[in-house]
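Below is one structure, written out as structure tokens; comments come after it.
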Amino acid sequence: MTATRINYPTSKHAEADRLLAAVAEAQAEKARIDALVEAEFTKVRGCWQGQMDAISNRLAYLGQKIETLEKEHQAVFFDLPGLGSCSLDLPHGTLLYAKEEYVVKPRKVDVLGNLRVYGLQCGIRKVESVDWDVLATWPDERLALAGTERRVKETFGYEVKEQGSGARGQGSVKQEEEP
């Protein structure tokens, strides 16, 4: 393969292009290694999947048994006459219990509409927020009145041309100018 000689405008152009080529090479090597690692994980996962499924099923079954036992013998385990929460420490773990009220959020009822119809405005949240798109059009003096300011942000980045695929990798560095 014949290497094509490129005439760069400056030595800094050549240096930047050499760095981009090095990034592309490192990205390709990382992609190859990632693919090998994923293939190995897939093989290992396949070897152990049956045992992993069995223990997951066992854990789910045992969790259901504990919950059923707690429900059936609630009065024995938990001394909680009203609302609240409590726990029972045992040598191998803790049983947990909570009893609380909550307001149901119905799916087929327009609660907001009902609040408006019956004049129950206190149940409606009104949200205000800054319209940053509008502020971006204001002069600096007006921004100062609002307690903010305009700053300059510089963004440096690069794209690497991957060989053969036409795809590009990216990287970027953002820098905000301090006042």
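Taken together, the values in this text are just the output of simple stated rules run on the coordinates, not laboratory data. Please read all numbers here as calculations on a predicted model, not as lab measurements. Cβ: placed from backbone, ideal geometry, glycine included. Neighbour counts: every protein chain shown.
What the table below lists for this structure:
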item	result
All positions within the range 106-138 that are more than 30 Å from the chain's Cα centre (by Cα) and β-branched (V, I, T)	V109, V111, V117, T137
Residue within the range 15-29 that is among the aliphatic types (A, V, I, L, M), over 30 Å from K161 (Cα atoms) and surrounded by 10 or more Cβ atoms within 10 Å (Cβ to Cβ) present	no
Test for Q27: is it among the polar types (S, T, N, Q), assigned to a helix (DSSP H, G or I) and within 30 Å of F156 (Cα to Cα)	yes
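Residue by residue, here is whether (1) among the hydroxyl-bearing types (S, T, Y); (2) surrounded by 11 or more Cβ atoms within 10 Å (Cβ to Cβ) holds:
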| site | (1), (2) |
| --- | --- |
| V76 | no, no |
| L83 | no, no |
| S87 | yes, yes |
| L96 | no, yes |
| K105 | no, no |
| E128 | no, no |
